[in-house]
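What follows is a short report on a single structure.
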């Protein structure tokens, strides 16, 4: 049976696929191809800012699913038709859907009212209002507000990408059981509790549990080290 879900408005949720585009040619943009533990596939991000935004999405356990470059729409505005592609589709664990556009705040502040950027955002908002889904413009001021958090999660995600083909299920269960029994402890102490297992596999298991929201660490205030305190999410 297909997995049929309905959003808060009673509409059937259609999980989109990326609308593939040729590489961006704008000077200064970098294209990232990286593994998503949430989706279990590679994702393509078309700028450094989109990449940083993706890191935040992966770091949010309450985001159930997402899709980069999910939909191309054509919207009629008073000034004429606009064709635009959303940067990301988000599905929350509440089944609320959301479309996002990623922009630099200074770019928005300097853009004339009838500029391509503003017309693009107007078109996206109008389409989302018609389809009764949320639309959010995420700027660098929000995305890069906490450099420590971003740096920690980039390290975690790079570790998870390296072990994407490894079956960690038994290690994950052992780590979780240990934390439930022992309570708050350090990353180093957890690794030391499994001396016969490669510490990189134990570390990846810890990071998987953090990614899933089952373990927690002060990733928003301190750099991630062997002394980082790890605890179970109750």
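Remarks
- Each residue in region 131-144 was checked for being crowded, with 18+ Cβ neighbours inside 10 Å and part of a loop (DSSP other than H, G, I, E, B), and 1 of them qualify.
- Some residue of region 86-97 being part of a loop (DSSP other than H, G, I, E, B), more than 14 Å from the chain's Cα centre (by Cα) and on the phi > 0 side of the Ramachandran plot: yes
- Qualifying residue in region 113-130 (condition: assigned to a helix (DSSP H, G or I), in contact (Cβ under 8 Å) with a residue 12 or more places away in the chain and surrounded by fewer than 13 Cβ atoms within 10 Å (Cβ to Cβ)): no
- Of the residues making up region 145-160, those that are assigned to a helix (DSSP H, G or I), more than 12 Å from residue 200 (Cα to Cα) and in contact (Cβ under 8 Å) with a residue 40 or more places away in the chain are 148, 149, 150, 151, 152, 153, 154, 155, 157.
- Restricting attention to region 161-175, the residues being out of contact with any helix residue (DSSP H, G or I) (no Cβ under 6 Å at 6 or more places or on another chain), closer than 19 Å to residue 195 by Cα and part of a helix (DSSP H, G or I) number 4.
- Test result for residue 62, in the same structural domain as residue 98 (by TED's automatic domain parsing), more than 19 Å from residue 102 (Cα to Cα) and modelled with pLDDT of 95 or more: yes
- Residue match in region 160-175 (condition: in contact with a strand residue (DSSP E or B) (Cβ under 6 Å, 6 or more places away or on another chain), within 18 Å of residue 55 (Cβ to Cβ) and not assigned by TED's automatic domain parsing to the domain that holds residue 92): yes
- Evaluation of residue 95 against (1) over 28 Å from residue 218 (Cβ atoms); (2) not assigned by TED's automatic domain parsing to the domain that holds residue 36 (one fails), failing number: (2)
- Reported count of residues in region 62-85, each being closer than 13 Å to residue 120 by Cβ and either surrounded by fewer than 16 Cβ atoms within 10 Å (Cβ to Cβ) or in contact with a helix residue (DSSP H, G or I) (Cβ under 6 Å, 6 or more places away or on another chain) (or both), is 11.
- The residues on offer are 34, 83, and the sole one that is more than 24 Å from residue 152 (Cα to Cα), assigned to a strand (DSSP E or B) and touching a strand residue (DSSP E or B) at 6+ places or on another chain (Cβ under 7 Å) is 83.
- Considering the conditions (1) without any contact (Cβ under 8 Å) to a residue 24 or more places away in the chain; (2) part of a strand (DSSP E or B), residue 102 is excluded by exactly one of them, (1).
- Scanning region 145-158 for residues that are surrounded by fewer than 18 Cβ atoms within 10 Å (Cβ to Cβ) and within 17 Å of residue 42 (Cβ to Cβ) turns up 154, 158.
- Count - residues of region 179-208 that are under 20 Å from residue 218 (Cα atoms) and either surrounded by fewer than 17 Cβ atoms within 10 Å (Cβ to Cβ) or under 24 Å from the mean Cα position of the chain (by Cα) (or both): 16
The values are calculated or read from the model by the stated rules, or taken from the named source; none is laboratory data. Owing to the predicted nature of the structure, the values given are computational and were not obtained by experimental measurement. Cβ sites come from the backbone with ideal geometry, for glycine too, and all protein chains shown count toward neighbours.
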